[in-house]
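Heads up: the structure comes next, in structure tokens.
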Amino acid sequence: MTAVVPATDQLAAVVRRVSGVCAVYPAGPIVATAVNAALGAVTQRAHTMPTVLIEQRADGVRITAKIGIGATERSGDVCSRVHDAIAAHLLQSGNPPVAQIAVIVASIG
């Protein structure tokens with residue numbers, strides 16, 4: 001059976017459900033995010049960036065999620081929960097091998 005990489009919206013929903021996550025931000029590089037925002041302003045249409053970045057590589061998938069956490073949360077704990085939730089979802093879904101799961105705290109609110 002061929003493994004299928006999950007849709008970014010599936011993984012974003014998994015991340016949003018994790019206790020302590022109060023926001024999920026576009027996970028692309030900052031330059032791509034800025035260009036996308038400028039393009040949206042010029043064309044008068046929203047050009048959304050994926051909130052969870054999935055890259056298929058020869059050694060497996062690489063997942064990047066940028067999150068916001070509550071001020072009373074410990075960032076390491078929330079990042080661990082997000083990492084574990086993504087890993088469990090990928091394992092349960094029968095997806096390809098995981099090379100890396102990166103969880104970045106973009107804001108503490």
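Within the range 80-106, residues that are closer than 14 Å to Arg16 by Cα and in contact (Cβ under 8 Å) with a residue 60 or more places away in the chain sit with their Cβ atoms under 6 Å from residues that are part of a helix (DSSP H, G or I) and among the aliphatic types (A, V, I, L, M), at 6+ positions apart or across chains, in these pairs: Val82/Val15; Ala85/Val14; His89/Val14. Taking every residue in the range 51-79 that is in contact (Cβ under 8 Å) with a residue 60 or more places away in the chain and pairing it with any residue that is part of a helix (DSSP H, G or I) and among the acidic types (Asp, Glu), at least 6 positions away or on another chain, yields no pair with a Cβ-Cβ distance below 8 Å. Restricting the search to strands (runs of 3 or more DSSP E) fully inside the range 45-109 and requiring at least 1 residues that are surrounded by 14 or more Cβ atoms within 10 Å (Cβ to Cβ) and modelled with pLDDT of 95 or more gives 60-69, 98-108.
The values are calculated or read from the model by the stated rules, or taken from the named source; none is laboratory data. Given the structure is predicted, the values throughout are model-derived calculations rather than measurements. Quick reminder, even Gly has a Cβ in these numbers, built from the backbone with ideal geometry, and neighbours come from all protein chains shown.
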